[in-house]
Amino acid sequence: MSDQLRKTVVLVGMMGAGKTAVGKALAAKLGVPFIDSDAEIERAANMTIAEIFTRDGEAFFRKKESQVIERLLDGGRCILSTGGGAFLAEANRRMISERGVSVWLNADLDLLWARVKHKATRPLLRTADPLATLSAIYEARVPIYAQADIEVRADAAYSIEEMAGNVLAAIAQREDVMETVR
C-alpha cells in the first residue's frame with residue numbers, strides 16, 4: 001500500500017517556519033520532487049533574492065515569483081516551498097488553491113525568531129530592529145496564512161521528520177490531495 005499525490009502541495013508560512021526542510025523530508029516520504037520557488041527564481045535570474053530586491057525592488061520580485069509559481073503548478077506533482085510573501089497576493093492564493101493545495105506551517109513568533117535571527121539571507125529583516133520587523137510582518141501575515149487550505153502547527157520540539165509526518169497526516173485526510181494505492 002502506498003500514498004500517491006493527486007496535486008501539488010504548496011507549503012506557505014513565515015520565513016523560518018520550516019518550509020524548505022519539511023518540504024524536502026515530505027517529498028522524500030512521498031517519492032515526489034521537492035521544488036523551492038525562491039531557488040527557482042534565483043536560478044532563472046542568476047541572482048540571489050536579496051540582490052533582486054536591491055536591484056529591481058520588491059514589486060518586480062513578486063511579479064517574477066507569481067510567474068514561477070504558476071509554471072511550477074503547471075508542472076508535475078511535487079512539494080513546492082514558497083517564499084514567505086508569496087501567499088500574500090490574492091492571485092497567488094487563488095492559483096494555488098485551484099491547481100494545488102496550500103499547507104500553512106504555523107510557527108509562533110518565538111520559534112521563528114530563534115530560527116532566523118542569525119541568518120543574513122533575509123532581506124526583509126535588514127533593519128535597525130529585526131525582531132520588531134519580524135513581529136510586524138508576522139502580525140500582518142498570520143490572518144492571510146490562515147486562509148490556507150490546511151494548517152499544521154509547528155513546534156520547536158518537533159524534528160523535521162515529525163513535522164513532515166504531521167503534514168503527511170493532514171494532507172492524507174483530503175481525498176482530493178492524497179490517494180492510497182493498494
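The values are calculated or read from the model by the stated rules, or taken from the named source; none is laboratory data. Keep in mind it's a predicted model, so treat the numbers as computed, not measured. Cβ: placed from backbone, ideal geometry, glycine included. Neighbour counts: every protein chain shown.
Observations
- Breaking point among (1) farther than 22 Å from residue 77 by Cα; (2) among the hydrophobic types (A, V, I, L, M, F, W, C); (3) part of a helix (DSSP H, G or I), for residue 170: (1)
- The one condition in (1) assigned to a helix (DSSP H, G or I); (2) surrounded by fewer than 10 Cβ atoms within 10 Å (Cβ to Cβ); (3) of a type in the set (Asp, Glu) that residue 175 fails to fulfil: (1)
- Filter result for residue 35 (part of a helix (DSSP H, G or I) and among the aliphatic types (A, V, I, L, M)): no
- Hey, residue 71 assigned to a loop (DSSP other than H, G, I, E, B) and on the phi < 0 side of the Ramachandran plot or not: no
- Condition check for residue 23 on (1) outside any helix (DSSP H, G or I); (2) of a type outside the set (Phe, Trp, Tyr); (3) touching an Asp or Glu at 6+ places or on another chain (Cβ under 9 Å); (4) buried (at least 23 other Cβ atoms within 10 Å of the Cβ): one failure, at (1).
- Candidate set: region 97-151, residues that are out of contact with any Gly (no Cβ under 9 Å at 6 or more places or on another chain) and of a type in the set (Val, Ile, Thr); chosen: the one surrounded by the most Cβ atoms within 10 Å (Cβ to Cβ): 101
- Scanning region 127-162 for residues that are in a helix (DSSP H, G or I) and within 15 Å of the chain's Cα centre (by Cα) turns up 138, 141, 142, 144, 145, 160.
- Test set (1) modelled with pLDDT of 95 or more; (2) crowded, with 22+ Cβ neighbours inside 10 Å - residue 94 fails condition number: (2)
- For region 77-96, the count of residues that are over 17 Å from the mean Cα position of the chain (by Cα) and more than 17 Å from residue 141 (Cα to Cα) is zero.
- Residues that are loosely packed, with under 15 Cβ neighbours inside 10 Å, within 16 Å of the chain's Cα centre (by Cα), over 23 Å from residue 25 (Cβ atoms) and not hydrophobic (A, V, I, L, M, F, W, C) are absent from region 43-58 altogether.
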